[in-house]
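All remarks here apply to the structure that follows.
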Amino acid sequence: MNRIDIIKHIINNLAVVLMSAIAFLFIAYGLAYKSISFIEFNFNILFAVAGVGFTAIMVAGIIFYAFGFKSVYRLIVCFLIFFDISAVVFFVLCATGLITKINSVDALRDYISQTGAWAAVIYIIFSFLQVVLLPVPGSVAVAVGVAMFGPLMCAIYSFIGIVTGSIVAFVIGRWIGYKAVCWIVGKESLDKWLKKLKGKDYLILSLMFLLPLFPDDILCFVAGLSSTTWGFFLVMITVTRAISIFSTAYSFELIPFTTWWGILIWGVLLALVVLAFYLICRYYEKIDNFLKTKFKILKKKR
């Protein structure tokens, strides 16, 4: 083994050690605030789990690299990068006290309202971060916005923040995601699987964004990695987000869950969604070909 190889091994092992240490330190400092009762009552257990967990990940990374399992080692590095980002976000949420508010409509509304005239800007930024970073349920964010601004302004502010965040997530998936997966599994293997899936993602992604059963924020990153074109994604995300956001915002006032007729309406809507999903899946190829043909025509005209 020459000198360059030795230096390369040292750097790769140090990278795993440093990233594990960074993730553990930020989580440990975040836990130290004991912001919520769960953390306070289980502080010692959570601290020990974090320490043992990241030590195990660090050791596993070093061992897999030493034995030449480069794909597994690279996957561990990617997980550590994600853990580092998540740990920093967790620390900020604990340090600012926001972690005690993100799951409560009233608390989050009061927190944002304290910003006064900047409330709308803060809410748009919050909606943006909801897609890219924060694990906040969309219904909670919309409920806060309806209580603060009313359904119309809430829908507009949410639409601006969420669509912007969706585009950024798509860009990350398109520019970074492909390279990251290539680095892990190899370009040849990735291209082979993407070729098999190519042409089948237009309608499937659209359905997933429309239906509330799928993690549409994560799907923005996935869409960037797929064969979905920029034009289709922009149109699809604009239409599907507008439908979901505006319907959610107005549903809190127009269709209450506390009345028998409100429950009946929601039941009918759910049945219609199931029926539409069945029909679309049955005639998938015809609809998908129609969409692809239309967008190819638009692209040629440009």
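The values are calculated or read from the model by the stated rules, or taken from the named source; none is laboratory data. Being a predicted model, the structure only gives us computed values, none of them experimental. These accessible areas exclude ligands, DNA and RNA; they are computed on the full protein's heavy atoms, side chains included. Shrake-Rupley method; radii C 1.70, N 1.55, O 1.52, S 1.80 Å.
The table below lists the values:
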read-out: Net length gained if the chain between Val235 and Leu18 were fully extended (0.36 nm per residue, minus Cα distance); value: 73.9 nm
read-out: Other-chain or far-sequence residues with amide H under 5 Å of Ser226's (modelled H); value: none
read-out: Rounded to the nearest 10 Å², the accessible area of Phe26 at probe 1.4 Å; value: 70
